[in-house]
């Protein structure tokens, strides 16, 4: 089978696509892939580190206010559609899958016009502009949250989950925390606010560190490259006193680390939610207020309602209420177990398999 995937801008669009590619490679080693992204997206850093053929198109998103720059956006969109048609005719895929971001708009539109089977994958509970636009053109729509079904035609829409969930499923306990100078046998709280970090979370953690240092549980905090030096300067010479706290700019083996922790604190991005529910991990989610349609709050709310996570808004976050909420969960084994079980019920650990079944449905009929 020959598959084109397109999506970009953020890791939330890219990593589910890569997880799906990895799954297909396992079940069909003869499968061929082409990834089409945008020149300005994060995919330009991620895809070159893989063996997946990658092409980048020059394209940009619309500005929310009236501006002449939007005329250029339209011109680049039409140019990208033309380029995408050329690429698709050369590669001759059996199916084209879009995971979001404005580049997928051009590629998926081109594929639909060429009558190539098409699927879009929506990671969030509230779909973005691109997927709303594409819904009328594509053959199938795979969603990750039941809440998002109301935005799409029912006849095309299937609940498949996020392929990242299947990628982390089955990861076993290990000694990986030793890599971060922590005790693998001790209860551990993982704090992770994305690859770039988040200032509001960083500020709260800096103030909470002296209190966390006195707890029975340990802390692994990934600050994001942007805030690592700032935090190092803030805590200064007291860092050595935090024997049960490990501060890292970034964590490479995040899935394995998550599988060896007891509580996650972080944003409410789609990939993080897919991973923590697949692992049955309780969480304290602090949705980013800077995302389109406030979709992270809606992502988190769906888990709050079933008791899988606690939520603190970005505006309400302080070191005091964060420490109090962590203590509440970590010091009450019954509550922790209840949240863990609720989290697991929301996971879709066979998401990549479901998405592949959708591919076969439209390719083979």
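The values are calculated or read from the model by the stated rules, or taken from the named source; none is laboratory data. Predicted model only: the values in this text are computed from it and were never measured. Every residue, glycine as well, gets a Cβ built from its backbone with ideal geometry; the counts of neighbours run over all protein chains shown.
Worth a mention:
- Qualifying residue in the stretch 223-233 (condition: surrounded by fewer than 20 Cβ atoms within 10 Å (Cβ to Cβ), under 26 Å from residue 320 (Cα atoms), in contact with a helix residue (DSSP H, G or I) (Cβ under 8 Å, 6 or more places away or on another chain) and not assigned by TED's automatic domain parsing to the domain that holds residue 12): yes
- Matching residues in the stretch 145-164 - criterion: being closer than 18 Å to residue 6 by Cα and modelled with pLDDT under 95: 164
- Among the residues of the stretch 139-179, those identified as in a loop (DSSP other than H, G, I, E, B), closer than 14 Å to residue 125 by Cα and touching a strand residue (DSSP E or B) at 6+ places or on another chain (Cβ under 7 Å) are 144, 152, 160.
- Residue check for residue 109: surrounded by 20 or more Cβ atoms within 10 Å (Cβ to Cβ), at pLDDT 95 or above and at negative phi: yes
- When residue 190 is tested against the conditions (1) assigned by TED's automatic domain parsing to the domain that holds residue 359; (2) within 18 Å of the chain's Cα centre (by Cα); (3) not in a helix (DSSP H, G or I), the lone failure is (1).
- Reported count of residues in the stretch 136-172, each being in contact (Cβ under 8 Å) with a residue 60 or more places away in the chain and within 24 Å of residue 109 (Cβ to Cβ), is 8.
- Those residues of the stretch 59-86 which are surrounded by fewer than 17 Cβ atoms within 10 Å (Cβ to Cβ) and either modelled with pLDDT of 95 or more or touching a helix residue (DSSP H, G or I) at 6+ places or on another chain (Cβ under 6 Å) (or both), in sequence order: 62, 63, 82, 86
- Filtering the stretch 20-34 to residues that are in contact with a helix residue (DSSP H, G or I) (Cβ under 6 Å, 6 or more places away or on another chain) and either surrounded by fewer than 24 Cβ atoms within 10 Å (Cβ to Cβ) or without any contact (Cβ under 8 Å) to a residue 24 or more places away in the chain (or both) leaves 23, 31, 33, 34.
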